[in-house]
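Reading through the structure tokens given below for one structure.
The values are calculated or read from the model by the stated rules, or taken from the named source; none is laboratory data. Since the model is a prediction, treat every value here as computed from it, not as a measurement. Virtual Cβ from ideal backbone geometry, glycine too; neighbours counted across all protein chains shown. Please note that ligands, DNA and RNA were not included when accessible areas were found on the heavy atoms of the full protein model with its side chains. Shrake-Rupley method; radii C 1.70, N 1.55, O 1.52, S 1.80 Å.
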Amino acid sequence: MFIFTEFKTGKDIVKLTLPEVEHAKDLYEIVDKYRSYISRWLPGIDETNSLEDELNFIKFAREETASYKALFLTILLNDRAIGMVDLHNISEKNHRAEIGYWISKDFQGYGIMTESVKRLVEISFNELNIHKFIIMAETENLKSCAVAKRLDFEHEATLKEYLVYGDEFKDVYVYSKIVNG
């Protein structure tokens, strides 16, 4: 297993690693247990209805990472998969990318996601020469917005009625951070 970075939170050790087959069971169990909560903020999760679907996603994530289209990382807490953080919509030409993330409801509020996103930004700036990072969060997703704010991302725009959830249009905040070194 290739570890991109690790940090401590209390007595626990958090690692950011490439998604592996052995992470599928833990990730799928979280998705299945908290499906309605996670799908509220991550609509594509509705396509993950079995362990095989999770394994297919891991294969997809590895392929996207290998071709430099994205960088998907599994968040491990004491070697147990608890969520993911990723870089996507990477523009090599413009040195920018978007950040996405999710974590089990059981581990929210401990600073794990904030530190994981911070580490992803550092890795991406140093290794991939990304200059501008973008986080898009539905305006009602207060926890996701809080991660962006804690990391000094600037509110750049509000996209009106950008997403549909159920039969309602939802607004999205666009946060950005420019890293100069």
Check: Hey, what do the phi angles of segment 97-107 turn into as Karplus ³J(HN,Hα) couplings, whole Hz, using 6.51/-1.76/1.60 and θ = phi - 60°, x for Gly and Pro?
Finding: 7, 9, 10, x, 6, 7, 8, 3, 4, 5, 10
Checklist line | Estimated distance in nm for a label pair at LYS132 and ASN94, the labels positioned 7 Å out from Cα along Cα-to-Cβ | finding: 0.6 nm
Next item on the list: Compute the relative contact order of segment 1-68 as a whole-number percentage, counting only Cα pairs closer than 8 Å that sit 6 or more residues apart in sequence.
Entry: 27 percent
Next item on the list: Quick one: dipole size for segment 1-142, taken about the Cα centre, charges +1 on Lys/Arg Cβ and -1 on Asp/Glu Cβ, in debye to the nearest 20.
Entry: 440 debye
Next item on the list: Would you mind checking the pairs LYS59/LYS149; LYS15/LYS105; LYS8/LYS93 and listing those with alpha carbons more than 30 angstrom apart?
Entry: LYS59/LYS149; LYS8/LYS93
Check: For GLU156, which sequence-distant residues (separation of 5 or more, or a different chain) have an amide H within less than 5 Å of its own amide H, given hydrogens modelled in the peptide plane?
Finding: VAL174, TYR175, SER176
Note to self: Per-residue counts of other Cβ atoms within 10 Å, averaged by peptide: what ranking do you get for 132-144, 70-82, highest first?
What the structure shows: 70-82, 132-144
Check: Put +1 on the Cβ of each Lys and Arg and -1 on the Cβ of each Asp and Glu in the chain; which of LEU16, ASN180, PHE4 then has its Cα farthest toward the positive end of the dipole?
Finding: ASN180
Check: In nanometres, what is the gap between the two model label sites at TYR34 and ILE3, each 7 Å from Cα along Cα-to-Cβ?
Finding: 2.4 nm
Notebook entry, point to check: In terms of modelled amide H atoms, which long-range or inter-chain residues lie less than 5 Å from the amide H of THR5?
Noted result: LEU16
Next item on the list: Roll a 1.4 Å probe over the protein chains and send me the accessible area per residue for segment 17-104 in Å².
Entry: 51 Å²
Next item on the list: Could you give the C-alpha radius of gyration of segment 41-110 expressed as a fraction of 2.2 N^0.38 Å, taking N as the number of residues it contains?
Entry: 1.20
Notebook entry, point to check: If the cut-off is 18 Å between C-alpha atoms, which aspartates and glutamates fall inside it for LYS33, apart from same-chain ones fewer than 8 positions away?
Noted result: ASP46, GLU47, GLU52, ASP53, GLU54, ASP106
Item checked: Prolate/oblate/rounded label for segment 40-181 (Cα gyration tensor, a/c 1.5) -> rounded
Notebook entry, point to check: Highest GNM mean-square fluctuation, the chain, Cα pairs closer than 10 Å: which of GLU63, GLU168, GLU22?
Noted result: GLU168
